[in-house]
1. For region 76-129, which positions are open to solvent by 50 Å² or more (accessible area, probe 1.4 Å), at pLDDT 85 or above and among the charged types (D, E, K, R)?
2. Tell me, please, whether a residue that is basic (Lys, Arg), modelled with pLDDT of 90 or more and under 28 Å from Asp159 (Cβ atoms) can be found in region 24-33.
3. Give me a count of the residues in region 63-74 that are touching a residue at least 12 places away in the same chain (Cβ under 8 Å) and more than 19 Å from Leu28 (Cβ to Cβ).
4. Give me the pairs, please: first residue somewhere in region 8-21 and within 11 Å of Phe139 (Cβ to Cβ) and without any contact (Cβ under 8 Å) to a residue 12 or more places away in the chain, second residue anywhere and open to solvent by less than 30 Å² (accessible area, probe 1.4 Å) and part of a helix (DSSP H, G or I), beta-carbon distance under 7 Å, and either six or more positions apart or on two chains.
5. If the Cβ limit is 7 Å and pairs must be 6+ apart or interchain, which residue in region 169-189 that is touching a residue at least 12 places away in the same chain (Cβ under 8 Å) pairs with which residue that is open to solvent by 40 Å² or more (accessible area, probe 1.4 Å) and aliphatic (A, V, I, L, M)?
6. Of all residues being touching a Leu at 6+ places or on another chain (Cβ under 6 Å) and within 14 Å of Gly155 (Cα to Cα) in region 187-198, which is most open to solvent (accessible area, probe 1.4 Å)? Just the residue, please.
7. Identify, from the list Gly201, Gly153, Gly149, Gly170, the residue that is under 18 Å from Ser87 (Cβ atoms), open to solvent by less than 60 Å² (accessible area, probe 1.4 Å) and not β-branched (Val, Ile, Thr).
8. Check region 156-176 and report whether any residue there is within 25 Å of Val35 (Cα to Cα) and hydroxyl-bearing (Ser, Thr, Tyr).
Amino acid sequence: MSISLYLLMPLSKQAFANPANTRRAIDLLVQRGLVSLDQTTDVWSYPYDSEEDEHGEEQLPHATLGALRDALDGIRADEINFDAGFSQYSPEHKDGEGQGRLPGINALTQQLQDHMAAFCEQNDIDYTLDVYGHVSIGFMSADGEDGLGEIRGIGVFCDGNVAPFMEDAGYLEAAKTLEIYAVFEKLAAIYGEAPTLQFRG
């Protein structure tokens, strides 16, 4: 059975409270050529209901990163998440179709998958890896299936079957050599928090 999780750089609710931080994060990704403002995205809001003590769920109408960027001042930025990269397995990109339309950030998620595979081989870890390509930013879950509380930050969605073995072998430290980690570090600095990595699901 596949276990899906995030390779996550956790950030606090307070870090996302100021919409200017998320605007600067999008600008950074654009400036580095990793995304474009006309790139499609999914934006979800998870407003907290204190009476019910639970989060709702609503897809917001902002269909591109540019539209989201322009609307941030009118959104509870600490209650949303959005995709900054396509899934490599979404219909429009399946089996290599339309690869020229993939955002630059997907080159980094492919590098991540290759690095994970090489790490597993070097450490005699039997693996089947899928890094799905989604780079999500924001609030992801009020209570992860791992029982460790809410999941919020910057994360790459991936198949986590071998994650415990990789973590035991030191992968979270090894991943700090990757370009995607350097990008995550810069994003964490924008949000005013120290960078760290976790596997969360």
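The values are calculated or read from the model by the stated rules, or taken from the named source; none is laboratory data. Note that the structure is predicted; figures quoted are calculated from it, not measured. Note: ideal-geometry Cβ built from the backbone for every residue, glycine included; neighbour counts use all protein chains shown. With ligands, DNA and RNA removed, areas are computed over all heavy atoms of the protein, side chains included. Shrake-Rupley method; radii C 1.70, N 1.55, O 1.52, S 1.80 Å.
1. Arg76, Asp114, Glu121, Asp124, Asp126
2. yes
3. Total satisfying the criteria: 1.
4. The qualifying pairs do not exist here.
5. Ala188/Ala194
6. The first filter runs over region 187-198 and keeps only residues touching a Leu at 6+ places or on another chain (Cβ under 6 Å), leaving 191, 193, 197-198.
Okay, now just the ones that are also within 14 Å of Gly155 (Cα to Cα), so 197-198.
Working: Leu197: 19, Gln198: 65 Å².
Only one residue tops the list, namely Gln198.
7. Gly201
8. No, every residue in region 156-176 fails to be within 25 Å of Val35 (Cα to Cα) and hydroxyl-bearing (Ser, Thr, Tyr).
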